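Data first, discussion second: the structure below is written as structure tokens.
Just so it is clear, none of the values below were taken in a lab; they were calculated from the coordinates. Note that the coordinates shown come from a computational prediction; the quantities given were computed from them, not determined experimentally. FYI the Cβ positions are ideal-geometry reconstructions off the backbone, even for glycines, and counts take in every protein chain you see.
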Amino acid sequence: MKDLYKLSLTAALVSSALLLGACGEKVVTVTESTSVSTAVNAEQAKAFVKTAADELSTLLLEVNRADWIASNFITEDTEALSAAAGQKLTETVVRLANKAARFNDIEVDYDTRRQLEKLKQALTLAAPADKAKTEELSGIVAKLNAMYGKGKYCKTPDNCMDLGQMSSTMATSRNYEEQLEMWTGWHNTAAPMKPIYVRQVELANEGAKELGYADTGVLWRSKYDMEPDAFALELDKQWGAVKPLYDALHCHVRAKLSEKYGADKVPLNKAIPAHLLGNMWAQSWGNIYDLVAPADADPGYDVTKLLADKGYDELKMVKGAEGFFTSLGFAPLPETFWTRSLFVQPKDRDVVCHASAWDLDAKDDLRIKMCIQRTGEEFSVIHHELGHNFYQRAYKNQPVFYQESANDGFHEAIGDTIALSVTPKYLQQIGLLEQIPDESKDIGLLLKLALDKVAFLPFGLLVDQWRWQVFSGQVTPEQYNAAWWKLREQYQGVAAPVARTEADFDAGAKYHVPGNTPYTRYFLAHILQFQFHKALCEKAGDTGAIHRCSIYNSKEAGAALNDMLEMGSSRPWQEALAKLTGKPDMDSSAILAYFAPLKTWLDEQNKDRQCGW
Ligand code: X8Z
Ligand code: ZN
């Protein structure tokens with residue numbers, strides 16, 4: 001999944017490619033890569049790749065089904081079945097990885113070499129060769145997934161709230177104490193995960209070492225068609241370029257929150273308390289738009305209200321998002337998508353509500369699993385999820401090792417790119433909005449979007465900065481929580497609203513940590529989606545302001561997008577990027593240009609303020 005594709009296998013090797021898609025991770029375990037001295041040739045290497053692909057395809061379907069059920073019906077039994085399937089996959093991948101190593105030193109054609117490499121690099125969590133340890137790791141992966149899905153805050157034993165309910169309160173409450181109660185209630189659910197997570201780190205690192213990686217973090221950084229250290233430097237460079245924009249937004253938002261809650265609660269020279277930003281993790285801030293909106297430049301509409309006024313239920317929201325993709329020339333989703341997906345939270349059982357997109361069979365069995373709320377924010381998330389599904393379908397004719405996005409950031413960026421085209425003009429075209437606000441209101445629109453997209457950037461980076469430190473041992477279990485809050489403060493300028501200790505496990509309160517989904521992908525996606533949007537608007541022949549462009553109905557843009565998507569991961573991501581944008585580099589100038597008018601406005605607002613923390 002990637003968008004949460006959510007599969008977690010426990011083995012060290014599955015390549016993302018095989019896997020699923022967006023946020024689903026297969027954690028495969030690999031063991032040693034022994035080289036066998038039997039003479040082998042290029043022909044055998046090619047044949048091996050084909051046999052391995054067939055074997056994995058069959059197994060993946062089995063694993064995907066087990067994981068789908070485990071996430072849709074959380075019970076001890078489905079957890080055990082998911083763990084068993086994961087273990088089987090792990091063992092298979094390990095065996096294949098070891099066999100693949102026989103071809104390390106012989107000359108083979110480009111595609112054979114690339115697929116062998118994809119096979120060796122596929123894992124998210126590598127497990128050690130020892131069978132008992134593989135089983136233990138598979139069990140942990142399944143358990144953490146279930147624990148997160150079941151998490152609840154209970155005021156009293158018969159008055160409990162789940163994450164969806166608490167998130168709604170966080171989004172709409174303007175009461176300091178009420179938001180704090182939600183924040184603390186949810187974050188405390190993660191504490192029991194800590195010892196289990198500690199053990200998972202040990203096992204996964206052992207597996208990574210057996211594969212030849214210094215630790216699991218190095219393994220994760222090795223998947224970007226460049227040296228792992230160079231990749232880390234590239235991230236720093238991108239962050240450095242967008243940080244001034246983030247800092248300006250932070251400064252304005254803090255000033256407004258201080259006006260609202262008082263300078264004793266939100267001091268003007270310190271990090272912002274993490275529970276006041278309208279989101280459980282303070283990762284996107286669009287829900288507090290009303291508190292920071294420009295008095296004279298408000299666009300005067302709100303997508304949540306428009307959806308309600310026009311009677312959009314969950315199904316209609318998904319149909320609406322599908323309609324955008326079909327307007328670009330993509331075929332409609334298959335009938336089974338509609339019968340097998342989960343759109344509405346079931347009342348009678350626990351499910352993993354975190355949105356995800358699935359590709360069960362790499363043919364046509366696409367699904368999403370999402371407890372949709374009828375809000376504008378969720379309307380965007382639906383576009384995000386469908387981006388995963390349309391990507392999955394576009395690369396389905398690639399060999400299994402290439403059935404993945406160019407890099408994982410691409411998978412996360414596609415649906416978001418489409419959502420950038422959900423402009424007032426588009427909302428009017430589909431009959432949701434009567435009147436397009438005039439250009440004098442653009443600052444309000446840009447501010448609203450920046451609260452989601454720009455505010456997200458440092459969070460998108462820091463989750464894996466934390467995990468990389470944990471995996472490398474730079475941060476030990478005695479320092480987990482302190483290290484988490486140090487990064488939260490350093491990157492985001494947000495602070496824990498109450499004292500936290502090492503008995504807490506606040507990183508574990510974020511889905512992707514117990515879910516073992518790498519997170520840097522979202523940082524990449526937040527840079528890339530603006531590059532994609534710009535390129536697609538050019539293809540669509542839209543020459544107006546970039547934030548007013550919508551590619552709706554443009555078959556030219558759709559064809560250009562499809563050309564990139566159908567490549568899967570068959571070529572280095574830089575080539576895929578160049579195919580769409582003409583240039584092979586990640587480039588933050590697109591996001592900076594998009595928000596340039598807002599930056600000017602923010603600087604004006606901030607001119608007599610002291611910024612920073
Ligand atoms: O997890 C997701 C998607 C599924 S891949 C809903 N996202 C990240 C998050 O929610 O933390 C999308 C943006 C960031
Ligand atoms: Zn996603």
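Once you reduce the range 92-120 and the range 327-385 to the center of their Cα atoms, the two points are 34 Å from each other.
Treating each Cα of the range 100-194 as an identical point scatterer and summing with the Debye formula, the log10 of I(q)/I(0) at q = 0.10 Å⁻¹ comes to -0.54. The angle between the Cα long axis of helix 520-539 and the longest principal axis of the Cα atoms of the chain comes to about 70 degrees, rounded to the nearest 10.
In terms of other Cβ atoms within 10 Å, T417, T336 run from fewest to most in the order T336, T417. Given their separation in residues at 0.36 nm each and the Cα-Cα distance between them, K270 and V344 gain 22.6 nm when the chain is fully extended.
The orientation-averaged shadow of the Cα convex hull for the chain, equal to a quarter of the hull surface, comes to 25.5 nm². I'd like the orientation of helix 176-187 relative to the chain: the angle between its Cα long axis and the longest Cα principal axis, in ° from 0 to 90, rounded to 10. Roughly 0 degrees, rounded to the nearest 10. When the Debye formula is applied to the Cα atoms of the range 235-386, each taken as the same point scatterer, what base-10 log of I(q)/I(0) results at q = 0.13 Å⁻¹? Reported log10 I(q)/I(0), two decimals: -0.83. Calculated from the alpha-carbon coordinates, the range 386-477 shows an Rg and a Dmax of 19.0, 56 Å respectively. Contact order for the range 372-432, expressed relative to its length and based on alpha carbon pairs under 8 Å spaced 6+ residues apart, stands at 39 percent.
Note that the range 489-613, at 10 °C in a medium of 1.306 mPa s, gets a Stokes-Einstein diffusion coefficient of 88 µm²/s from its Kirkwood radius over C-alpha pairs.
Taking all pairs of distinct Cα atoms, average 1/r, flip it, and tell me the Kirkwood hydrodynamic radius of the range 430-527 in Å to one decimal place.
That comes to 15.7 Å for the range 430-527.
Here's the picture: charge each Lys and Arg Cβ at +1 and each Asp and Glu Cβ at -1 in the range 288-327, and of L291, G311, F325 the one pushed furthest to the positive end of that dipole is F325. Annotation: the residues F48, F401, sorted from fewest to most other C-beta atoms within 10 Å of their own C-beta, follow the order F48, F401. The residue list T92, G139, P157 was ranked by how far each Cα lies along the charge dipole of the range 70-159 toward its positive end, using unit charges on Cβ atoms, and P157 comes out on top.
Residue order for I272, I106, fewest other beta carbons within 10 angstrom first, comes to I106, I272.
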